[in-house]
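To start, the structure itself, in structure tokens.
The values are calculated or read from the model by the stated rules, or taken from the named source; none is laboratory data. Every value quoted in this text rests on a predicted model; they were computed, and no experiment measured them. Ideal geometry is used to build each Cβ from the backbone, glycine not excepted, and the neighbour counts take in all protein chains shown. Please note that ligands, DNA and RNA were not included when accessible areas were found on the heavy atoms of the full protein model with its side chains. Shrake-Rupley method; radii C 1.70, N 1.55, O 1.52, S 1.80 Å.
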Amino acid sequence: MNRVYIKTYGCQMNERDSEAVAAQLRSRGYTIVEEEQTADIVLLNTCAVRDQAEQKAIGKSGHLAKRKKNDPNFIIGVMGCMAQNRGEELLQKLPDLDLLVGTQKFHRVPEMLDKFLASQRGLGPRPSTLVDLEAEAGSEETIREHKETDAPQISAFVSIMQGCNMHCTFCIVPKTRGPERYRSMESICEEIRELVAGGTREVTLLGQIVNSYGMRQLPYRNGISPFVQLLERVNAIEGLERIRFTSPHPRGFQKDLVEAYGRLDELMPYVHLP
């Protein structure tokens, strides 16, 4: 009863979060399956940027609830931005949910599921809906696990930060992801070195506004911003061949970043500028 299917809506950061949850679950003895119909547990990692993505996730949750009527042990969880944005009001619309997990609590999913599996083994009552939407210090360092597959993972996403400080009128991200929080450079480089040792040759650094990494927290050095300092360290990792990043903001494209394209061999001549 430990087969898990994860469906992801939204951006590359959501994909990366789902990937980390899958790896954490595998390490706890869960099996990640590719077909929803074969799963004992379905987790929806949701998006709140577009209403259409929210409606799809809500519709999918309602569809899964029909299956639960015939299989009371079936587990449904909603994670991510829609969970964070709508909070417990989602339970009024989706009362059959077992898990409601916010954007800073992905790493808590395995222990939450363990409680349900323990009840199925007769080791306690089945929990009511488990809800965890609170902020958690240090959560930015928990999204580092990657899928464990037999084939080399040639390209990989690497999360370097969480959250956003911009508060643009049109954007809900600061509400769903919280303020900017930065991983340490050493932790990021250690993750990339492990990926390279396993066959990865290209990494894409992820952040809500990726080139604001370390802003007002880490010092400039000789006119070089923290983000470009990070690019320099990643560029020096032996065996890595290509570096990309997304999504940047025009305010962070200062002279040091522009010049980095000319002097860092592994930084690809490519920019995705929304």
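General observations
- The gain in end-to-end length when the Arg50 to Val271 segment is fully stretched comes to 77.2 nm, 0.36 nm per residue minus the alpha carbon separation.
- Accessible-area composition of the range 156-260, carbon plus sulfur, in percent [1.4 Å probe]: 52
- Karplus 3J(HN,Hα) series, Hz, for the range 18-28 with 6.51 cos²θ - 1.76 cosθ + 1.60 (x for Gly, Pro): 5, 4, 5, 4, 4, 5, 5, 5, 4, 5, 9
- Dividing the radius of gyration of the alpha carbons in the range 181-274 by their Kirkwood radius gives 0.93 for Rg/Rh.
- Residues whose amide H lies under 5 Å from that of Arg201, counting only those 5 or more places away or on a different chain, are Ser155; hydrogens are built 1.01 Å from N in the peptide plane.
- Amide H contacts of Gln208 (H built 1.01 Å from N, under 5 Å, at least 5 apart or other chain): Gly163
- 24 Å Cα-Cα threshold exceeded, pairs from Lys7/Lys147; Lys69/Lys147; Lys69/Lys115; Lys93/Lys175; Lys105/Lys147: Lys69/Lys147
- Amide H contacts for Gly178 (H built 1.01 Å from N in the peptide plane; partners 5 or more residues away or on another chain; cut-off under 5 Å): Cys164.
- Burial order of peptide ranges 3-13, 37-47, 192-202 (average beta-carbon count within 10 Å, highest first): 37-47, 3-13, 192-202
- The Stokes-Einstein estimate for the range 11-104, based on a Kirkwood radius over Cα pairs and taken at 10 °C with 1.306 mPa s viscosity, is a diffusion coefficient of 116 µm²/s.
- MRE, 222 nm, helices only [DSSP H, n ≥ 4, -39500 (n - 2.57), over the chain, to nearest 500]: -10500 deg cm²/dmol
- By the Cα gyration tensor, the range 6-61 has an equivalent ellipsoid whose semi-axes, rounded to whole angstrom, run 21, 14, 7 from largest to smallest.
- What a 1.4 Å probe finds exposed on the range 1-136 is 45% carbon and sulfur by accessible area, rounded to a whole percent.
- Dipole of the chain, positive end: most advanced residue of Val21, Leu267, Cys171 [Cβ charges, Cα centre]: Cys171
- Note on Lys175 and Val33: the extension gain reaches 47.9 nm, defined as 0.36 nm multiplied by sequence separation minus the Cα-Cα distance.
- Whole-number percent relative contact order across the chain, with pairs defined as alpha carbons under 8 Å at least 6 apart: 14
- Per residue, the accessible area of the range 110-213 comes to 46 Å², computed with a 1.4 Å probe over protein heavy atoms only.
- Tail beyond 34 Å, pair distance distribution of the chain (Cα, percent): 23
- Sorting 130-142, 240-252 by average packing, meaning the other beta carbons within 10 Å per residue, from highest down gives 240-252, 130-142.
- Beyond 27 Å, the tail of the calculated P(r) for the range 35-161 holds 24 percent of the Cα pairs.
- For the chain, Cys11, Cys47, Cys81, Cys164, Cys189 have no disulfide-compatible partner, since no other Cys C-beta lies under 4.7 Å from theirs.
- Axis angle, to the nearest 10 degrees, between helix 185-197 and the longest C-alpha principal axis of the chain: 80 degrees.
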